[in-house]
1. Rounded to the nearest 20 debye, what is the charge dipole size of segment 145-204 about its Cα centre when +1 sits on each Lys and Arg Cβ and -1 on each Asp and Glu Cβ?
2. Give me the distance in nm between label points sitting 7 Å out from Cα along the Cα-to-Cβ direction at Val10 and Ala193, one decimal.
3. How large is ³J(HN,Hα) for each residue in segment 140-146, as worked out from phi by the Karplus curve 6.51 cos²θ - 1.76 cosθ + 1.60 (θ = phi - 60°), to whole Hz, x for Gly and Pro?
4. At what distance in nm do the modelled label points of Thr109 and His122 sit from each other, each positioned 7 Å from its Cα along Cα→Cβ?
Amino acid sequence: MSIILAVNGVVETYPVKPAAQRHMQVEAVEAQGNNDQRSSSSDRSNVAAHNAYQQQANQDQHAKPALFARDLMTSPVLTLSSDSTVSDAWTIMTHKGFRHIPITSMHGTLVGMVSDRDLLRHVPGLSTGTAPVQAAQHRLAEIMVTRVISATPATDIREIARTMLSERIHAVPILDGTRRLVGILSARDLLRAIANHGPLELWT
């Protein structure tokens with residue numbers, strides 16, 4: 001499975017919604033083309049359009065994704081343990097310019113994620129330096145998001161982008177076959193790729 005959902009470390013199947021299939025659209029056009037040909041066999045433009053769609057459909061059947069998570073992800077990944085504090089996470093985020101940090105267990109297993117919004121929601125005074133010391137010392141295990149959606153290095157970029165949109169998340173950890181964290185892909189990485197390497201070739 002390419003997109004993986006883990007809740008409190010327990011892996012579940014994530015129901016990915018498939019993209020609209022090109023060949024289904026082509027079949028609809030073919031049906032319309034057949035009707036048009038019956039009503040006006042001299043309409044060469046409809047025949048030409050039909051042939052063009054059919055040719056494109058045949059090409060799409062042989063096309064393969066050209067961009068994968070491994071091509072755009074940030075690696076290596078800075079992580080924090082679940083017993084680290086809110087203050088630890090905020091310090092790293094402000095100094096490194098990060099907005100998301102994966103959280104690992106004492107065994108190195110990915111168990112959660114925290115974002116800058118998570119930190120500010122639980123300790124509002126962080127951004128102004130007025131956070132109570134006791135609040136800033138809360139452990140990340142208390143506030144981290146334990147429902148983590150991840151992907152593999154070979155996951156199609158479009159599949160990750162669709163998942164980000166539907167789940168309203170801005171970063172996806174990338175795990176290898178042994179569930180080891182090997183990268184992270186954020187919305188910023190996608191925008192950087194478009195800005196620096198566009199137009200992106202999504203298919204070969």
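Read the figures in this text as sums done on the coordinates, not as results from a lab. Since the model is a prediction, treat every value here as computed from it, not as a measurement. Here the Cβ is made from the backbone with ideal geometry for all residues, glycine too, and neighbour counts use every protein chain on show.
1. On the way: 8 positive and 6 negative charges, 48 e Å.
For this selection, approximately 220 debye.
2. Going by the 7 Å Cα→Cβ label model, 3.3 nm.
3. Running phi through 6.51 cos²θ - 1.76 cosθ + 1.60 with θ = phi - 60° gives 5, 4, 7, 10, 5, 7, 9 Hz.
4. Each label point is offset 7 Å from its Cα along the Cβ direction, giving 2.0 nm.
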